[in-house]
Amino acid sequence: MAPAKISYVVSFSSQDPKYPAENLLSEDGIQPWPGCPKDHSRQLSVELQLERASLIGYVDVGNYGCAFLQIEVGRSSWPCGQPYLTLLPTVTVMTPADSKLDQNRCRVRMFKEGK
């Protein structure tokens with residue numbers, strides 16, 4: 001199965017002006033998307049549009065200091081207000097020890113059906 005291409009960033013909750021949410025579209029190495037330093041909610045969300053409707057068999061996520069991750073999916077053809085479906089329930093991406101020691105911030109996690 002070929003990777004699904006992300007077309008564009010539909011919306012985001014916060015971004016550091018030096019590292020815009022569009023960095024998530026970069027295919028040229030690691031481009032972080034940290035939240036705005038002045039945003040103390042400590043929670044980020046982004047809505048991405050895929051190039052076309054795709055069957056999702058696995059997801060690879062590059063981490064940059066994220067402690068938890070949840071992935072929800074939907075279709076642009078759905079009625080406004082229809083909730084997304086959970087593809088990946090909330091998972092721990094960094095251990096509490098890693099977070100406290102500020103280590104292992106950059107890694108890739110791979111998620112596939114049954115894992």
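Computed values, structure above
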{"read-out": "Residue-averaged [θ]222 nm for the chain, counting only DSSP H segments that reach four residues, each worth -39500 (n - 2.57)", "value": "-1000 deg cm²/dmol"}
{"read-out": "Global geometry of segment 1-54, whether rounded, prolate or oblate, following the gyration tensor of its Cα atoms and the 1.5 cut on a/c", "value": "prolate"}
{"read-out": "Among L101, L87, L25, residue whose mean-square fluctuation peaks in a GNM of the chain (springs only between Cα atoms under 10 Å)", "value": "L101"}
{"read-out": "Amide H contacts under 5 Å for S14, placed H, 5+ residues apart", "value": "S45"}
{"read-out": "Extended-chain gain in nm, criterion 0.36 nm per residue less alpha-carbon gap, E51 and F68", "value": "3.5 nm"}
{"read-out": "Probe 1.4 Å, protein heavy atoms only - accessible area per residue of segment 1-54 in square angstrom", "value": "77 Å²"}
{"read-out": "GNM top mover of G74, G62, G29 - the chain, alpha-carbon springs below 10 Å", "value": "G29"}
{"read-out": "Pair-distance profile P(r), taking every C-alpha pair of the chain, with 5 angstrom steps and integer %", "value": "2, 10, 18, 24, 23, 15, 7, 2, 0"}
{"read-out": "Per-residue ³J(HN,Hα) for segment 21-38, Karplus 6.51 cos²θ - 1.76 cosθ + 1.60, θ = phi - 60°, Hz, x for Gly and Pro", "value": "4, 4, 4, 5, 8, 5, 10, 9, x, 7, 10, x, 9, x, x, 5, x, 7"}
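The values are calculated or read from the model by the stated rules, or taken from the named source; none is laboratory data. Everything quoted here is computed from the prediction, not taken from an experiment. Note: areas computed on protein heavy atoms with side chains; ligands, DNA, RNA excluded. Shrake-Rupley method; radii C 1.70, N 1.55, O 1.52, S 1.80 Å.
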